[in-house]
Amino acid sequence: FNCNKENTSNLTRISPVIDYIKSNYYKNIKLSELSSIIHVCDNHLIRLFKSATNRTPINYINDIRIEQALKLLINSELSITEISYKVGFSSVNYMSNIFKTNLKMSPNQYRKRAKA
């Protein structure tokens with residue numbers, strides 16, 4: 001019995017979903033859209049995704065968005081609000097909350113540290 005084999009096959013199965021997320025992270029992505037890519041119900045997609053990545057699809061999308069936001073905070077003069085919408089967050093507050101949870105600092109603090 002090998003757990004890794006299941007993870008690998010699940011990762012292969014959800015790879016079209018991951019590709020879609022990476023190409024469309026800045027859009028409003030619905031779980032049902034992702035499920036339809038591999039023709040499963042929403043709950044089954046969540047289970048497959050968690051077993052393959054240890055994250056929910058929403059967590060994964062937010063991680064990609066934060067990665068993109070980090071680049072923009074360093075390499076652009078866009079405001080935090082502009083960046084939050086550009087990378088697909090529904091509000092600047094939501095991005096700030098995810099940011100603080102993941103990085104233990106606000107987007108502004110990150111930008112100041114990165115540019116110091």
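Points worth noting:
- Cβ-Cβ contacts under 8 Å between residues 6 or more apart (or on different chains), taken from a first residue in region 72-95 that is more than 21 Å from K115 (Cα to Cα) and touching a residue at least 12 places away in the same chain (Cβ under 8 Å) to a second residue that is among the charged types (D, E, K, R) and open to solvent by less than 50 Å² (accessible area, probe 1.4 Å), are listed as G88/R65; F89/R65.
- Candidate set: region 100-116, residues that are not hydroxyl-bearing (S, T, Y) and not in a helix (DSSP H, G or I); chosen: the one farthest from S79 (Cα to Cα): K104
- There is no residue in region 88-102 that is touching a Gly at 6+ places or on another chain (Cβ under 7 Å) and under 20 Å from K22 (Cβ atoms).
- Pick from region 1-46, criterion farther than 19 Å from G88 by Cβ and β-branched (V, I, T), ranking: modelled with the lowest pLDDT: T8
- Segments classed as helices (runs of 4 or more DSSP H), wholly inside region 1-89, with at least 2 members that are closer than 30 Å to R111 by Cα and open to solvent by 80 Å² or more (accessible area, probe 1.4 Å): 3-24, 57-75, 80-86
- Residue check, N97 assigned to a helix (DSSP H, G or I), under 30 Å from S9 (Cβ atoms) and either open to solvent by 20 Å² or more (accessible area, probe 1.4 Å) or of a type in the set (F, W, Y) (or both): no
The values are calculated or read from the model by the stated rules, or taken from the named source; none is laboratory data. From a predicted model like this one, the values you see are computed outputs, not experimental measurements. Here the Cβ is made from the backbone with ideal geometry for all residues, glycine too, and neighbour counts use every protein chain on show. These area figures cover heavy atoms from the full protein model, side chains too; ligands, DNA and RNA do not enter into them. Shrake-Rupley method; radii C 1.70, N 1.55, O 1.52, S 1.80 Å.
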